[in-house]
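The values are calculated or read from the model by the stated rules, or taken from the named source; none is laboratory data. Model, not experiment: these values are computed from the prediction. Glycine gets a Cβ as well: all are built from the backbone with ideal geometry, and neighbour counts include every protein chain shown.
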Amino acid sequence: MKLVRLIEANSQELSYGLTQKILSSERTRDYRKMPESEMCTAVYDVYQHLSDWLLTKTESDIELRYTRVGELRARQGISLSHFVWAIAMTKEHLWGFLQREAMVDHVIELFGEMELLQLLDRFFDNALYYATVGYERARAQSRAA
């Protein structure tokens, strides 16, 4: 809970920083179609209420919320690969913040485990992104044929 409170206390700063990363990345360039304030508010909501999402929300709550978010992004013209990469960036941005800011006993042990998890996360995030890009490319070629 200590780390969650740290995230919630810094949710505005985290949201702004992530919004800037998303807007400047070529992998998420479709987000430039959205108003910056709308994007920042969406990210802020997740970070500000992280304890609720982790402790009280059910899988059904998450399914309902993020199904709607996915539908909204599709209607806004955000490609699936850019949507998926933005989610990966959200996780990576949070990891970076925790590595910089978290003060915990036995830091060396904790960061050793976190570093391994981060490497695994980055690998799977990249694999997911590129698999999605390939999927979209195949669908586009199929439509053109």
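Assorted remarks:
- Of the candidates 80, 72, 23, the single residue that is at pLDDT below 90, hydrophobic (A, V, I, L, M, F, W, C) and out of contact with any Cys (no Cβ under 7 Å at 6 or more places or on another chain) is 72.
- Restricting attention to region 28-68 and to residues that are among the polar types (S, T, N, Q), at pLDDT 85 or above and part of a helix (DSSP H, G or I), the residue that is farthest from residue 125 (Cα to Cα) turns out to be 37.
- Residue match in region 23-33 (condition: basic (Lys, Arg) and under 22 Å from residue 65 (Cα atoms)): yes
- Each residue in region 33-49 was checked for being over 14 Å from the mean Cα position of the chain (by Cα) and surrounded by fewer than 14 Cβ atoms within 10 Å (Cβ to Cβ), and 4 of them qualify.
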